[in-house]
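For reference, the structure is listed below as structure tokens.
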Amino acid sequence: MSVPVIVLIAVLAILLVIFFYYVPFLLWISAMVSGVHISLVQLFLMRIRKVPPYRIVQCMIEAHKAGLQDVKRDGLEAHYLAGGHIERVVHALVSANKANIDLTFQMATAIDLAGRDVFDAVQMSVNPKVIDTPPVTAVAKDGIQLIAKARVTVRANIKQLVGGAGEDTILARVGEGIVSSIGSSDSHKSVLENPDSISKLVLRKGLDAGTAFEILSIDIADIDIGKNVGAQLQMDQAEADKNIAQAKAEERRAMAVALEQEMKAKAQEARAHVVEAEAEVPQAMAEAFRSGNLGIMDYYRMKNIEADTAMRESIGKPVSAKKK
């Protein structure tokens, strides 16, 4: 075999590969056999638009076999180009159709583009999901702390999946309802005797409004007794009152000590003035003698008075004081 013939065969082989890549003839035959009518031109244009024909055709075949009439090629291509998951959407539509759930292609694609798993949502509509809440701590009116755990059975609300709140919102609202129910109870014993009262009160609040779920039931799985918060608060209040009283007493004692020191200082100052005045008495008497205002007899009378006063003080002292 000559070289030109080999080159010609190679070129023809490459052209055939390129032709069957851009014109998937076998895929077209598979679609026609399955009852899906699609032209070779459309399959060729899918390659040009960078849309995988195999994935589109497989989804169309699945939808056709399931009897879905609103799944069209244009819609699948548009959803793929928008970044959606076409296989997941078609699986969800087939499941919803078998379960008699009202789910259209437009709604399914909107849910998928919103970031939610539409197939999981349909499965949850058929088979409800149980969500376990974390331990919720609440205090009854008698001051006893209760720790409750609940199980929330939810079902996906298909119409609220776009824009509806998720599981975290459900858990937060259920926890808030449990706290409110326990907090409004007069005694923790009544809550322990009738835990279903919590479920009934929480269910009446309509906690699933604005969420992507429908709450079917709320069951209290466990309730434990915690601390005596009321007694602890009273003890803390008593300790605080004691500290305040001690602070006020210390303040009064400090004021009394300061007043005592002030009085002592004033007494010492007065004694100093007396001593100073007594030191000036001899000088005043000498000046009186010189000026003639005080005579000798006046001086002796004053001395006699001082002697009489000293004698009376000596007589008036107790015997024990005299011995000392």
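The portion of the accessible surface of the stretch 100-236 made up by carbon and sulfur, rounded to a whole percent, is 49 (1.4 Å probe; DNA, RNA and ligands excluded).
The C-alpha atoms of the chain define a longest principal axis, and helix 86-98 lies at about 80 degrees to it. In this model, which of Lys149/Lys189; Lys227/Lys248; Lys266/Lys303; Lys205/Lys227 are farther than 22 Å apart at the alpha-carbon? In this structure, Lys227/Lys248; Lys266/Lys303; Lys205/Lys227 lie more than 22 Å apart at Cα. DSSP assigns beta bridges within the chain; of those with both partners inside it, close to 95 percent run antiparallel. Solvent exposure of the chain, expressed per residue, is 65 Å² of accessible area, with all protein chains present and a 1.4 angstrom probe. Counting only alpha carbon atoms, the long axis of helix 53-66 and the longest principal axis of the chain meet at about 90°.
Of the whole protein surface, Tyr54 contributes about 140 Å² of accessible area at a 1.4 Å probe radius. Distances between placed amide hydrogens fall under 5 Å for Ala165 paired with Thr211, Ala212, all partners being 5 or more residues away or on another chain. Shape class of the stretch 167-324 from the Cα gyration tensor (axes a ≥ b ≥ c, square roots of the eigenvalues): prolate, since a/c reaches 1.5 or more and a/b is larger than b/c. With a cut-off of 18 Å on the backbone N, the residues of the stretch 113-138 near the modelled label site 7 Å out from Val162 along Cα-Cβ are 113-122. If a spin label sat at a point 7 angstrom from the Cα of Glu269 along the line to its beta carbon, the backbone N atoms of the stretch 221-262 nearer than 17 Å would be those of 258-262.
Just check the stretch 235-324 against the gyration tensor rule for me: Cα atoms, a ≥ b ≥ c as the square roots of the eigenvalues, rounded for a/c under 1.5, and otherwise prolate or oblate depending on whether a/b exceeds b/c.
oblate
Summary of the geometry: the stretch 86-126 and the stretch 206-243, compared by the centres of their Cα atoms, lie 39 Å apart. Our summary gives the stretch 90-243 a relative contact order of 27 percent, counting only alpha carbon pairs under 8 angstrom and 6 or more residues apart.
What residues from the stretch 149-167 fall in the zone where the backbone N is under 20 Å from a label point 7 Å along the Cα-to-C-beta line of Lys129? Residues 150-167 fall inside that zone. Under the simplified labelling scheme, the Ile48-Ile315 pair shows an inter-label distance of 14.8 nm, with each label point 7 Å from Cα along Cα→Cβ.
Tell me the label only: which of (i) 52.0; (ii) 15.9; (iii) 19.6 is mean projected area of the Cα convex hull in nm² as calculated from this structure? So the calculated entry is the one marked (i).
For the chain, averaging the sequence separation of C-alpha pairs within contact (under 8 Å, six or more residues apart) and dividing by the residue count gives a relative contact order of 11 percent.
Modelled label positions at Ile101 and Ile29, each set 7 Å beyond Cα in the direction of Cβ, lie 3.9 nm from each other.
The values are calculated or read from the model by the stated rules, or taken from the named source; none is laboratory data. Worth saying up front: this structure is predicted, and the values here are computed from it rather than measured. Don't worry about glycine lacking a Cβ; one is built from the backbone with ideal geometry, like all the others, and counts go over all protein chains shown. Ligands, DNA and RNA are stripped out before the accessible areas are found, and what is left, the full protein with its side chains, is counted by its heavy atoms. Shrake-Rupley method; radii C 1.70, N 1.55, O 1.52, S 1.80 Å.
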